[in-house]
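First comes the structure, then the notes that go with it.
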Amino acid sequence: MNADLATDLGASLVANLEKSIGRATDALLARQHDDGHWAFELEADATIPAEYVLLKHFLANSVDEIDTEVERKIVRYLKSIQGEHGGWPLYHGGAFNISASVKAYYCLKICGEDINADYMRRAREAILAYGGARTSNIFTLIQLALYAQVPWRAVPVMPIELINMPKWFPVTLDKVSYWSRTVIVPLLVLMTKKPQARNPKRVDIQELFTVPPEQVTNWYNMNRKGAWAAFFRGVDRVLRGTDWLFPKRGREKALNKAVAWVTERLNGEDGLGAIYPAMANSVMMFDTLGYAKDHPDRAIAEKSIEKLMVIEEDRAYCQPCLSPVWDTGLAAHALLEVGGEAAERLKPSMEWLRQNQIKDVVGDWASARPNVRPGGWAFQYANPHYPDVDDTAVVVMALDRFNHAESKEAIERGAEWVLGLQSKNGGWGAFDADNEYYYLNHIPFADHGALLDPPTADVSARCLGMLAQLGYKLDDPRVQAAVDYLIRDQQADGSWFGRWGTNYVYGTWSVLTALNAIGLPHDHPAMRKAVRWLESKQRADGGWGESGDSYWDDKPRGEGPVSTPSQTAWAVLGLMAAGDVDSEATRRGIQFISSTQADHGLWDEDEFTAVGFPRVFYLRYHGYRAFFPLWALARYRNLKQGNSTHVMHGL
């Protein structure tokens, strides 16, 4: 392209940015709650709304207790997200997934849908072609065992005595991630008691099995290879044969300890762990133990689940959790970038965030870091036992940008907690330090491969960016360790893995912002290699788009069927952090964002651009299409108007 023409196009683009930024700012501010916070919908795949319906039928004594209107809306939702392959994917446009499909089919059938309807027939054929319900993951098989659709021997043995294991024991609750811990503890009670769903309609799904479940002789996932996999399969066989030998008195004490553990962390109407699977397990646990519906613990546990429901005029679904702290922190960064009156509107947001800092609860993270003072933020409205360093870093940086002096105590306390959770390798996990017991991913129960919370590049980058923004330098050994970790973790092609956002585009943006903030020169080899990778993944329309497929090793990285506004924003924010404000790639990316803005002022995005567990559970953050594109446009405008190629912030 002619250089003068490119300059003219760039000037024209900047001139038009104010209108785009203004419309997006107004639309984002219109979503702000009166107390200053934001909370966007958080959508997952078919499994959570299907499990919600199955939970209701697990608990119901009669069909009269079922809310059929909500069920009809969930049915419409599930039908609308069915894939062309006949089943249900893990993310928009994704491949068939057996576990999501089995749960969705069961949900639809239990809601009264005709199994001879075309969409039910196609789903059934797809499930059977995949090997039938028998090939579902462990959590789905547990659900089926609760409904007496498979025998309990289809599920690995998890003795409730696990809750008593000392720290030196190879398998303990402290060694697994927070999300696994909160799901497992009430599940241990269920697996001990082996209750059966009331299932008032007596609905079964035996037509989804290629071999009758009672005739299956081996339920093990034989895809697991290696010494650890063989060892844990052997342990499971021994436990299955000796389970009856465990002393009843000791078992009862362990059960009571598990119930006490759950009750301590029940977390009011925000629920155990503030995530749906743990919350649902706690409700079933209380029901199984005979707690009356009006018992305070059971009642509040059930209420926590209802808070997750999104009920619209013609459809409904259940969210996996709520994300107000994360949404508020990121929305604040976008509006701080916009500046002016928009930034001033954040004063109540900063107060709301300060009020949500967790300073009086020593959470489970203290098992690995007992001498660290609490001071983090959780992802949800309340989850005091489980703050996370990613949210904490984002909030601290927002408080610092808005008014450091006003939030000095909260900022210092948050930074202290983040530094206290740094892992030995220099990086950070999301909720715990040094959670790297990789052998546990080979136990039969962990066929989802998401049992741990090891350090990752994206979370570590956020922490490093926070430290840099607060004035920490490379002469601090903790900072240098973080930089070294990130440089070591760079992929051969120049990208970084994105654990919590899809995927390498997210990881690469995260690390580039941190390396820039801490002072690495823009010509540093790691940064140049990352820029070349981002440029190589730019699509013909100027945007970037990466599918959840990229979490599989045999799939391309940084690529997907369409460009998305949020991923394009990450890419151009990364390029700008690396000093490439004036590059053609950045200009085209900004042009894509600006040209795809919808009439309502924000952006439309059906794709799932985040992840709960790679290859297992994906997420669509409805807020990502609101604040990330605006953030990118405002930063580009600011840098161009200031004739600068240096981003001054940690994020």
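The values are calculated or read from the model by the stated rules, or taken from the named source; none is laboratory data. It should be emphasised that the depicted structure is a prediction, and the values quoted were computed from it without experimental measurement. Positions of Cβ are backbone-derived with ideal geometry, glycine not excepted, and every protein chain shown enters the neighbour counts. Accessible surface areas use protein heavy atoms only, side chains included; no ligands, DNA or RNA. Shrake-Rupley method; radii C 1.70, N 1.55, O 1.52, S 1.80 Å.
Taking the condition in contact (Cβ under 8 Å) with a residue 24 or more places away in the chain, closer than 22 Å to LEU515 by Cα and in contact with a helix residue (DSSP H, G or I) (Cβ under 8 Å, 6 or more places away or on another chain), does VAL647 pass?
yes
Can you name every one of the helices (runs of 4 or more DSSP H) wholly within segment 84-151 that holds 2 or more residues which are among the polar types (S, T, N, Q)? Give the steps one after another, and end with the answer.
Numbers: elements: 98-110, 118-129, 138-146.
Fully inside segment 84-151 and qualifying: 98-110, 138-146.
Please find, within segment 352-379, the residue that is nearest to CYS463 (Cα to Cα) out of those that are open to solvent by less than 10 Å² (accessible area, probe 1.4 Å) and not aromatic (Phe, Trp, Tyr).
GLY376
Inspect segment 619-626 for any residue being within 22 Å of PHE40 (Cα to Cα), in contact (Cβ under 8 Å) with a residue 60 or more places away in the chain and surrounded by fewer than 23 Cβ atoms within 10 Å (Cβ to Cβ) and give the result as yes or no.
yes
Please work out if GLY601 is under 19 Å from VAL338 (Cβ atoms), in contact (Cβ under 8 Å) with a residue 12 or more places away in the chain, surrounded by fewer than 20 Cβ atoms within 10 Å (Cβ to Cβ) and out of contact with any Cys (no Cβ under 9 Å at 6 or more places or on another chain).
Working: under 19 Å from VAL338 (Cβ atoms): yes; in contact (Cβ under 8 Å) with a residue 12 or more places away in the chain: yes; surrounded by fewer than 20 Cβ atoms within 10 Å (Cβ to Cβ): yes; out of contact with any Cys (no Cβ under 9 Å at 6 or more places or on another chain): yes.
For GLY601, the condition - under 19 Å from VAL338 (Cβ atoms), in contact (Cβ under 8 Å) with a residue 12 or more places away in the chain, surrounded by fewer than 20 Cβ atoms within 10 Å (Cβ to Cβ) and out of contact with any Cys (no Cβ under 9 Å at 6 or more places or on another chain) - is met.
Out of (1) in contact with a Lys or Arg (Cβ under 6 Å, 6 or more places away or on another chain); (2) buried (at least 24 other Cβ atoms within 10 Å of the Cβ); (3) aromatic (Phe, Trp, Tyr), the odd one out for TYR437 is which?
(2)
Quick check on my filter: what residues within segment 66-83 are part of a helix (DSSP H, G or I) and either in contact with a Ser or Thr (Cβ under 6 Å, 6 or more places away or on another chain) or without any contact (Cβ under 8 Å) to a residue 60 or more places away in the chain (or both)?
Matches in segment 66-83: THR68, GLU69, GLU71, ARG72, VAL75, LEU78, LYS79.
Just the residues that are assigned to a loop (DSSP other than H, G, I, E, B) and either at pLDDT below 95 or aliphatic (A, V, I, L, M) (or both), please, taken from segment 178-211.
Step one: of segment 178-211, the residues assigned to a loop (DSSP other than H, G, I, E, B) are 194-205, 209-211.
Within segment 178-211, ALA197, VAL203, ILE205, VAL211 qualify.
Being closer than 24 Å to ALA44 by Cα, open to solvent by 10 Å² or more (accessible area, probe 1.4 Å), modelled with pLDDT of 95 or more and in contact with a Phe, Trp or Tyr (Cβ under 8 Å, 6 or more places away or on another chain), is that true of even one residue in segment 548-563?
yes
Sort through ALA415, ALA398 and tell me the only one that's assigned to a helix (DSSP H, G or I), open to solvent by less than 10 Å² (accessible area, probe 1.4 Å) and under 20 Å from PRO324 (Cα atoms).
ALA398
Check segment 249-257 and report whether any residue there is within 30 Å of ILE275 (Cα to Cα), of a type in the set (Gly, Ala, Ser), part of a loop (DSSP other than H, G, I, E, B) and modelled with pLDDT of 95 or more.
Taking every residue of segment 249-257 in turn, none turns out to be within 30 Å of ILE275 (Cα to Cα), of a type in the set (Gly, Ala, Ser), part of a loop (DSSP other than H, G, I, E, B) and modelled with pLDDT of 95 or more.
Sort through ALA15, ALA24, ALA44, ALA117 and tell me the only one that's of a type in the set (Gly, Ala, Ser), closer than 30 Å to GLY601 by Cα and more than 28 Å from the chain's Cα centre (by Cα).
Details: ALA24 fails: more than 28 Å from the chain's Cα centre (by Cα); ALA44 fails: more than 28 Å from the chain's Cα centre (by Cα); ALA117 fails: closer than 30 Å to GLY601 by Cα.
After applying the criteria, what remains is ALA15.
Tell me which residues, restricted to segment 266-322, are buried (at least 21 other Cβ atoms within 10 Å of the Cβ) and of a type in the set (Phe, Trp, Tyr).
TYR276, PHE286, TYR317
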